[in-house]
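Bear in mind that the values in this text are calculations on the coordinates, not laboratory data. None of these values were measured; they are calculated from a predicted model. Virtual Cβ from ideal backbone geometry, glycine too; neighbours counted across all protein chains shown.
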Amino acid sequence: MIMHSCSSYLVKAIGLTQALLALLVHGAKSFIHTRPDGFVIDTFRGGDFNDLGAWHGPGEGMPFDGGDGYIRLFPVNADQNYHTQLSSSCFDLRPYNYMYLHIAFAGTDKFSISLNQNNKQCDPGLSPYPETWDTVEASRYAISRYPLQNDIYVPISHFKIDLSRVVSVSFNGFYSDDILTLFRVEVLPDIPDDVSIPEKLPSGTMVLKCKRPNSFAFGIDDGEPYLAQHLMAILKEEGILVTFFVVGRGLESLESNFTQVYREMLSLGHQVALHSYTHPKMEGLRTIEQIDDEIVQSIDVMKHFLGIESRYFRPPYGIVGARTRERLAYFIDDPYIVNWSVDIADWLYANSSMPEMQLKSFEHDVKRGGDLVVMHYLSPSTVSYFRDAIRLARETGKQIMRVDQCMEDPDAPPLHKQTPYKLSLDPESSSEPLEES
Ligand SMILES: [Zn+2]
């Protein structure tokens, strides 16, 4: 990739590009009278707002600097991102669904481009926000046309989201520390004749909330074996089923006893699903082979030690980009990539001086409509707040169930078989020890 640092040179290059683009757009217009024009989203003229008057800016601490007509991103981490919004509520992109997202850039093409879909209420104050997104690999669509600038043209139709509720374009999933400079983001009705568009690769269904009305699901990730019995006792007593996302290497480790733990969870009716093999930031892995290893080995371990398969996958740290999603879709038929809309924030507070903030974070997200949880059982404090979390979830009137059930998966066990029951009223179960940690 071409790199440069001379900004006056850049400005000239941008000026030239804009003239060429104007020519292109104008040229296209004269041939196709019935089509609406595209529109410019961002030319990075400085400040917090783009050409549409909507917000643009970095996420997860992405280092950046900018000038008049460009922004430079210095990614150091796969979860960093940069968003440029079409609207903070909902932008209807349907009239443009046959057009192209055009990005003029320089530097690395080792990143993903996402089109983000807002929640049904088009409300940034609700959770999740955004509700979902679809993603493509920049490198598959990038072409070099000018000495100092590359272009990306992605058909809007390659983003499988609800186009009536678009909130932003984002740049994420960086798997290189190289700099990315963005000059222009826009929607164009046509592309240059010599540009060929790659086929759209399937990228799995990305979910952050339940589909079934009035449902609520706990997705529980990594844990400490010594807390498993305590957690299981709570689950039994509360009479709820949950989904465990399990790291393959933990499952195969003999010292951890996790195989026994999850066999028991399965026998009690809980769902057990995939959470990678070694828990890396998968999208940040440099090669496709490394990503494939994480997926294939986690599938193999689950089959070998538990005798099950799952098409539900929770990405470690919630980090996904186009490559992870595409490889999941390659190995797993119709995968569900399960992030969350309720974060108990145990990763932040469990071992802090304010462990009670876990419950506050949980409540905060539940009140905003979140219904799909991320939590762990790595700390006694998180487990000690679990009953309260269940109570808060029940107070919404929603029914607690496994993730596959809340997704209305036809292969999920039927709901009526696990109508909420109170095992605590059953004398046999009350004799069971509640705490064995
Ligand atoms: Zn995890």
Fill in the blank from the handout: In Å, the Kirkwood estimate of hydrodynamic radius for the range 206-430 over Cα pairs equals 17.7
Exercise for the section: Treating the angle as unsigned and between 0 and 90°, give the value, to the nearest 10°, between the Cα long axis of helix 258-267 and the longest Cα principal axis of the chain. Expected result: 80
Exercise for the section: Treat the count of other C-beta atoms within 10 Å as a stand-in for reagent exposure and order 283, 238 from fewest to most. Expected result: 238, 283
Problem - Charge tally in the Cβ shell below 13 Å around residue 250, where Lys, Arg are +1 and Asp, Glu are -1, residue 250 excluded - result: -4
Problem - All aspartates and glutamates inside 20 Å of residue 398 as judged from Cα atoms, apart from same-chain residues fewer than 8 positions distant - result: 131, 237, 238, 343, 363, 365, 371, 388, 408, 409
Handout entry: Residues 302, 375 arranged by fewest to most Cβ contacts within 10 Å
Key = 302, 375
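Relative to the compact globular guide of 2.2 N^0.38 Å, what is the alpha carbon radius of gyration of the chain, as a ratio?
Scaled against compact globular proteins, the figure is 1.07.
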Practice task
Distance check, please: which entries in 209/360; 120/236; 211/236; 120/367 exceed 23 angstrom between their Cα atoms?
Solution key: 120/236; 211/236
Exercise for the section: Would you mind putting 385-393, 62-70 in packing order, based on average other-beta-carbon counts within 10 Å, highest first? Expected result: 385-393, 62-70
Problem - Burial ordering of 168, 176, fewest other beta-carbon atoms within 10 Å first - result: 176, 168
